[in-house]
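Data block below; observations after.
What follows draws every value from the coordinates through simple rules; no lab data is involved. None of these values were measured; they are calculated from a predicted model. Quick reminder, even Gly has a Cβ in these numbers, built from the backbone with ideal geometry, and neighbours come from all protein chains shown.
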């Protein structure tokens, strides 16, 4: 009786550990190619100095936090102007600012988001100009 | 003690399987609702709350009714309820869980539910309802479990649980008061704009909750190896009788105020409810059924000779439960929206998926209730038959 | 991965360089003015102490819905086509529904047939703001009762609280029901409540509300009621006005001239 109980406990623990570590070993061995982000849009091409709102490293790491802050400040406080670290000023707007240069959402935003498995809900409301024109 | 919930005879197994199937059906349709949106329900722009919120409102009452066992036993040393208080607390636990589930399935954006905690808003009654409901859940789960564990070990409950029990009494009143305030504080909804809303909620709760408890006790006596005792059942049935009488009285008070004053905005809702308005009668048969059941039950419960007969008592309690379920679980919430602020009448009837999800939540609640009661009866059976 | 990292460092280095160089080279800064979204000459926003609207229904041509069409096109309001799931920001209702207390059985044909534009009343004491459990609905300093669609959990308590029926729930995904999407304004997602926002997004760009501009007969007057010289203030000072269900204490900011 006691032996059977221990067996059951260990069996349960194994299932638990396998389940919890599933995400770790699920993708092991397979490798997805790193995303290549396409910067080849008409607006970016025409820019003599190809610089985002902030420098690329910052934007790459923190764009979601920046957009989060923009959204609260623009919607809730009515503060719609962002002053970058270098003093340039921008409208706090995903569609009005970001997507004007990066008009190729599918070849820019989506590639990286798909690669890291992020599913931002921004675009269930915010409009991608390229999609509307279709 | 938990393992006791997993053991049982054939009937127990069939009952659990039955509940699991209903709950699974509910989950299936909930996933469809998540995909399609709340448009899958019968709710509309005009009637923007339906079956889900109505069930929530009704079940808050069932949860609050545990106080009708706790108060006589702990404050007045009414010994007959001694064995049963835990039943009341466990009923409260499963009812509160159902309440939370019903609010959850009613949300348009359930993934954002944590916003209520991330942006706490003290001027919102819904915020306070969340606070009191989760507090009530914890208190009752703790009291019930500790008291039952001590029963198992045949030791008296620890001293620290007593203040918690005393706290649970006003807390029970608070959950239904705050829930009533959700409705009673809205300026444009004349049907709900009444100071008697919270007292009405409480009186109907103290009838429907104990009525359900009596029914459960009668079932446990027959199938569940647990007898609550004749004295306890008889005391409970008196509580149901008085609470039902008060509840009917409160509705009468409301009707007088509304119709004698003749304020059209207030009258329209009651007309829709009991007589129909401009050719719309969806709720009329339900409300008359509820009224007849309430009076029939009251007659059976106030005559001692009838009340003492087990079959008659069961019938009366079932009538009370159904009657008040119609009143709270259908009439009260939906009628608040009919007619609309722009005086249009939009009828509401729940859709199939909506009913499946509703039944699914009820099944989930009864699954928890069954498990907890199984543990309870198991502990008592072992103690009584060593 | 290694090439990726090298690319990353290159970009990071280059951007760090620009960051240092930009203040030194005035040319660079001027060229940057072409970046979209950058505020070269920001439009002057319209501001007020308290925004309000007056509606002179006597000027409304019978059957006219220009204000409705303009608003719903600008704000991507879907046309779902059934009253159950419908979304409305501004629409018209019979006089008797809008002002039930002012209606009587001897009122003339004109009044009985009259349709009155209705929209969110932008209450100074808004019940929807009071009840919202997440502050998704809030009141701005200029009086606009606004919604933060990012925060709304879709509990619909605000719909129960609104005494004007001004709020709509997105019972389903609105996008398939928008005839022509305006790319300058977001749509909503299923599961959130929405309503008229007094064109706050247009005010920020110095534009009057879409309904006001769309009205050819100038029946809608928009302005700051706290400004004693404003057109709206003079209008509501000199004419007899009604507000919907003002007895509820919500202090509605839509003034009707009949």
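In whole Å, how far is the Cα centre of region B:1-48 from that of region C:229-258?
Rounded to whole Å, the Cα centres lie 51 Å apart.
Modelling each spin label as a point 7 Å along the Cα-to-Cβ direction, I'd like the residue A:36/residue B:383 distance in nm, to one decimal.
Distance between label points: 7.4 nm.
Percent relative contact order of chain B, based on C-alpha pairs within less than 8 angstrom and at least six residues apart?
31
Grab the beta carbon distance between residue A:73 and residue B:310, set R0 = 60 Å, and tell me the FRET efficiency rounded to 0.05.
Numbers: r = 67 Å, r/R0 = 1.12.
The pair residue A:73/residue B:310 has a calculated efficiency of 0.35.
Spin-label point model (7 Å from Cα, Cβ direction): what's the residue B:167 to residue A:28 distance in nm?
4.6
Hey, got the Cα dimensions of region C:51-257 along the principal axes, in Å, largest first?
Computed over region C:51-257, the largest-to-smallest principal extents equal 43, 36, 32 Å.
Mind checking the mean number of beta-carbon atoms from other chains within 10 Å of the Cβ atoms in C:142-150?
Going residue by residue through C:142-150 and averaging, the value is 3.
Calculate, axis by axis, the spread of Cα positions in chain A along the three principal axes, and write the results as whole Å, longest axis first.
76, 37, 33
Taking a ≥ b ≥ c as the square roots of the Cα gyration tensor eigenvalues, with a/c under 1.5 meaning rounded and otherwise prolate when a/b beats b/c, else oblate, which class fits region B:281-386?
oblate
Which residue fluctuates most in the GNM of chain A (Cα springs below 10 Å): A:15, A:59, A:44?
Its mean-square fluctuation being the largest, the pick is A:15.
Order these by the 10 Å Cβ neighbour count, fewest first: A:36, C:87, B:103.
A:36, B:103, C:87
Give the distance, in whole Å, between the Cα centre of region B:314-363 and the Cα centre of region B:253-273.
Using only Cα atoms to place each centre, the spacing works out to 20 Å.
Counting pairs of alpha carbon atoms under 8 Å apart in space and at least six apart in sequence, what relative contact order in percent does region A:33-133 give?
Once normalised by length, the contact order is 33 percent.
For peptide A:77-85, compute the average count of partner chain beta-carbon atoms within 10 Å of each residue's beta-carbon.
3
Under the rule of -39500 (n - 2.57) per DSSP H run of 4 or more residues, summed and divided by the residues of the protein assembly as shown, what mean residue ellipticity at 222 nm is obtained, to the nearest 500 deg cm²/dmol?
-17000 deg cm²/dmol
Largest first and in whole Å, what are the equivalent-ellipsoid semi-axes of the protein assembly as shown based on the Cα gyration tensor, each being the root of 5 times an eigenvalue?
Details: eigenvalues 565, 312, 84 Å².
Gyration-tensor ellipsoid for the protein assembly as shown: 53, 40, 20 Å.
Report for the protein assembly as shown the percent antiparallel among DSSP-assigned beta bridges with both residues inside it, nearest 5. Before the final figure, lay out each step's value.
Values: 21 of 25 bridges.
Roughly 85 percent of the beta bridges in the protein assembly as shown run antiparallel, per DSSP.
Once R0 is set to 35 Å, what does the formula 1/(1 + (r/R0)^6) return for the Cβ-Cβ distance between residue B:27 and residue B:3, expressed as a FRET efficiency to the nearest 0.05?
0.85
So how do A:95, B:57 line up by other beta-carbon neighbours within 10 Å, fewest first?
Listing A:95, B:57 from fewest to most nearby Cβ atoms yields A:95, B:57.
Please report B:216, B:334 as a ranked list, fewest other C-beta atoms within 10 angstrom at the top and most at the bottom.
Details: B:216 20, B:334 27.
Exposure proxy ranking, most exposed first: B:216, B:334.
Between residue B:267 and residue A:60, how many nm apart are label points set 7 Å from Cα along the C-beta direction?
7.4
Above 24 Å lies some portion of the pair distances; for region B:203-325, what is it as a whole percent of all C-alpha pairs?
Tail fraction, whole percent: 36.
Quick one: check the C-alpha center-to-center distance for region C:145-180 versus region A:43-62, whole angstrom.
36
In terms of the Cα gyration tensor, with a ≥ b ≥ c the square roots of its eigenvalues, is chain B rounded because a/c is under 1.5, prolate because a/b exceeds b/c, or oblate?
Judged from the Cα gyration tensor, chain B comes out prolate (a/c at least 1.5, a/b above b/c).
What relative contact order, as a whole-number percentage, does region C:51-257 give when Cα pairs under 8 Å and 6 or more residues apart are counted?
32
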